[in-house]
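Only the coordinates and a few stated rules stand behind these numbers; no lab work does. This structure is a prediction, so every number in the text was calculated from the model and none was measured. Glycine gets a Cβ as well: all are built from the backbone with ideal geometry, and neighbour counts include every protein chain shown.
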């Protein structure tokens, strides 16, 4: 292990095979706090230094802690933070003076108006400059208008679609318009060169803080960037564009967008500088692994820092999951600490063994039972698994029976058997069925009644996780279902979708007035479920025109409710204003009025109502709770008990579920919407449990955690496995593409898959089945007596928990955050 100097009392170390030092933090909150401490220590030691800080969501906690320390400087709580961080000496005087630091902008989109609220130039001026007291004269910015490189008219006239062709820097233009565009691009390229020269003339950057993108990009240095690269124009690749879609208003605006970026060579040019790369959550685990374990390569931008002695990675626990030595250390700590964490030694031991066996078997592409001693000795988690089984004997041959591998394989089979039982009307938590294949399991009529409450942060989260199961679940008469969607989801609805949906009313013969007159009964008088049934009938006969017509009717019904347009004339007037003025003038990324938030969110709500209508579920089984924490703010607030959790608690009291499903993303990779909804559900469950306990009423629901396309369960972590067949996967795709019109060409897609979310969800479920077949052996599924397994095309993984287990998992990060803030003095 190596130590890289002062980062407070957070020690930066290298594990075996790692090429950069790392500091691990238990949560994103702690990571942000230590970044703020480290930055203030630097500012105190070098008050006229040159800094470069990130924009976007990466620095949210960093900025919040800087603000907190500035506002509460001298308080006991702040003094305690600095003392624990080994920086007590900083507390002897006033808050460190940061006003003479020079701020270097990392990157910026092109073209974009620097005043746009999602321009990085605007971000720095709004969030960093006032906070740090840095004057404009000490801001080395990428404001092309202020620098006289281009005008606002140039941006609108030469690049009306917000895109620029970077090839014009290297090829001859073929038209007068291309000549003008090429001239503008060359001026931008020259600006970048001069920008780089100015940074280097200052001696380089003293303190660099940056995130790492889904493809490993640093600033906008994507894979393939030269390690000696300078400030320049680049074209965003798909993963980077998908991540940038949030800032630009959608992938339609971000795809192939250009950007200016500091070069890797520029960042590294000062050899005694501090370079910190921050990564949070399991979603960054693979790029962190590549950054640390790869040899120097232009395919991995972070390897440019391997030779820089001042570089360190600040990472959350989840972000190092793919680092084998660190993962083994974490597992060993779980074994050591299981008693204090409230888990049984046996359950933790089994999980550690299963993770080591399963991961090693997948690496070797062999079944668990055919693992050999040398296989397990080849990986850190495999070696830990061997130590954990406590010398049960050598694996002499693949065919030799060895109790630990048999038991691990049997535990995996049990997860599948529990899923099968649940699909037949016997919920997993009530079933003693454990691998006795061939037994008759009969649910349905006469079986014990079970009420499910399915919760979701967004309207397609359930669809993209376990929708194939719902056809089966809804067919079982002893299962009863309710659905709760916690946010309106308006962020993911593009203006182009709204315009195209509304345009159907204007493009018909006779225009919007005729459309409203012809559809008057459906718009003003028909019960909502009747409209949904019209959509269902059209979907079943593949009548796309009628489905589109009903979608526009649903939008106009939303307009009636939001603007109180209670007659045809009033509705037509509002529709014209939206179609001709409001939506066309709304720029991507601009703030949304309350009315547009409601309209966009309302259309998201109709999507899931249409989806469940296809399955025969009436709209009164679905609640749209519109949590108040879900706002149009860049950094959204934390949820509260009264505003966000109590509506869900009341619904729980009303429907009295035995099973509650919840999106269970790892580590709470935020705070983001999924994490916040997790806390809302936990608070509602905690409230109802306490209220009933006060009346002497016992309530112990089973909590089913699910994940979808954003994160996956590992085989060793999930404890329910459900097979799904080709027909169910097809119906998932068909329902998604028919109902989720706002997401068919998602404006805010995943960086890891360029296509419909449902196709990606299907691919994940197919991969999970392939892994299961590898782990249990090629003949297991083929010869399985249950047709659901032998005919499976995919499988779905869930994690069942008791309420107490769920609350413990949800509480860990929440308490760390709230305890810190509630104890400020």
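With all projection directions averaged, the alpha carbon convex hull of segment 570-648 covers 7.5 nm². Annotation: average projected area of segment 243-318 is 6.2 square nanometres, based on the convex hull of Cα atoms across all directions.
Only counting other Cβ atoms within 10 Å, I'd like 387, 326 sorted with the fewest neighbours first.
Listing 387, 326 from fewest to most nearby Cβ atoms yields 387, 326.
With 0.36 nm allotted per residue and the present C-alpha distance subtracted, the residue 496-residue 286 stretch has 72.2 nm of extension available. Among 412-420, 304-312, the peptide with the highest mean count of other Cβ atoms within 10 Å heads the list, and the full ranking is 412-420, 304-312.
Per the Kirkwood treatment, what hydrodynamic radius in Å, one decimal, follows for segment 221-276 from the mean inverse distance over all distinct Cα pairs?
Hydrodynamic radius (Kirkwood, Cα only) of segment 221-276 equals 12.3 Å.
Taking 0.36 nm per residue of sequence separation and removing the Cα-Cα distance, the residue 546/residue 692 pair yields an extension gain of 47.7 nm.
Ranked by the mean number of other Cβ atoms within 10 Å per residue, highest first, peptides 534-545, 651-662 order as 651-662, 534-545.
Highest mean packing comes first when the peptides 755-768, 562-575 are listed by Cβ atoms within 10 Å, giving 755-768, 562-575. Between residue 569 and residue 471, what FRET efficiency comes out of the Förster formula 1/(1 + (r/R0)^6) with R0 = 41 Å and r the beta carbon distance, rounded to 0.05? Here the calculated transfer efficiency is 0.40. With an 8 Å Cα cut-off and a minimum separation of 6 or more residues, compute the relative contact order for segment 685-825 in percent. Computed value for segment 685-825: 39 percent relative contact order. Which residues in segment 697-724 place their backbone N less than 20 Å from a point set 7 Å from the Cα of residue 656 along the Cα-to-Cβ direction? Within reach of a label on residue 656: 697-703.
Got the relative contact order for the chain handy, in percent, Cα pairs under 8 Å and 6 or more residues apart?
RCO, the chain: 13 percent.
Between residue 561 and residue 325, the simple spin-label model (points 7 angstrom out along Cα→Cβ) gives 5.7 nm.
Rounded, prolate or oblate: pick one for segment 522-654, where a ≥ b ≥ c are the square roots of the eigenvalues of its C-alpha gyration tensor, a/c under 1.5 means rounded, and failing that, prolate if a/b is larger than b/c, else oblate. Since a/c reaches 1.5 but b/c is at least a/b, the shape of segment 522-654 is classed as oblate.
Between residue 530 and residue 176, the simple label model (points 7 Å from Cα in the Cβ direction) yields a spacing of 6.0 nm.
What order do you get for 736, 429 when you list them from fewest to most C-beta neighbours inside 10 Å?
In order of increasing Cβ crowding within 10 Å: 429, 736.
Tell me the label only: which of [x] 27.7, 90; [y] 28.3, 84; [z] 35.8, 140 is Rg and Dmax of the Cα atoms in Å as calculated from this structure? Label [y] holds the value from this structure. Which FRET efficiency, nearest 0.05, do residue 77 and residue 811 yield, Cβ-Cβ r, R0 25 Å? Working from the Cβ atoms, E equals 0.70. Note on 78, 680: ascending count of other Cβ atoms within 10 Å places them as 78, 680, the fewest first.
Kirkwood analysis of segment 463-570, using all unique Cα-Cα pairs, places the hydrodynamic radius at 16.2 Å.
Label separation (residue 99 vs residue 406): 7.7 nm, computed from points 7 Å beyond Cα along the C-beta direction. Once the Cα-Cα distance is subtracted from the 0.36 nm per residue extended length, the residue 335 to residue 157 segment shows a gain of 57.7 nm.
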